[in-house]
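The values are calculated or read from the model by the stated rules, or taken from the named source; none is laboratory data. All figures in this text were calculated on a predicted structure; none of them were measured in a lab. All Cβ positions, glycine included, derive from the backbone under ideal geometry; neighbour counts span all protein chains shown. Ligands, DNA and RNA are excluded from the accessible area calculation, which covers all protein heavy atoms including side chains. Shrake-Rupley method; radii C 1.70, N 1.55, O 1.52, S 1.80 Å.
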Amino acid sequence: MEQGKDSEKKKVMVAIDDSESSHYTLEWFLDKLRGSIADSNVIIFTAQPNSDLGYLHASTFGTAPADLVASIQENKKKIALILLDKAKDICARHRVDVEIMTEIGDPKEAICEAVEKLNIQLLVLGSHNRGPVQRAFLGSVSNYCVHNAKCPVLVVKKPAV
């Protein structure tokens, strides 16, 4: 009986990175939506961007040592897990149980793939408040997710100071 109840729970994913706006988004989510998420499975997600190792290949004349590449990737994973552990601690202070998850890839694509794979019903993410020029060059993860995620998306903007 309990298993059937668990499968009916809503799944909410909060996508974070190491930015101040992501920290604000997580705190906002926990403060403002606490009552709405009481019966939900909450997943805190972060993406480990693909490593652009072109500089490494160039500096080693085209043959980057495999152990160096593995070391760089392992360090990125450690950083992601530290970020997720901090987020999990913040959630615990708010008495919200969460799962944590990380994937390797372009953040906007990794988020949308995780939403689909996990059958998420609500995606929450922050906005970096970039101007139009920065968005043109760097892209916008939140804009991409709004248009491509297979669920409703809540974008939280940190108020200007």
**Asked** Identify, please: which residue in region 57-79 is out of contact with any Asp or Glu (no Cβ under 9 Å at 6 or more places or on another chain) and modelled with pLDDT of 85 or more and is, among those, surrounded by the most Cβ atoms within 10 Å (Cβ to Cβ)?
**Response** LYS76
**Message:** Out of the residues in region 1-34 meeting the condition of being aliphatic (A, V, I, L, M) and at pLDDT below 95, tell me which one is least open to solvent (accessible area, probe 1.4 Å).
**Reply:** LEU33
**Message:** Looking only at region 111-161, filter to residues that are modelled with pLDDT under 85 and charged (D, E, K, R); which one of those is farthest from TYR24 (Cα to Cα)?
**Reply:** ARG135
**Asked** Out of all the residues in region 91-110, is one or more in a loop (DSSP other than H, G, I, E, B), under 21 Å from ALA38 (Cα atoms), open to solvent by 70 Å² or more (accessible area, probe 1.4 Å) and modelled with pLDDT of 85 or more?
**Response** yes
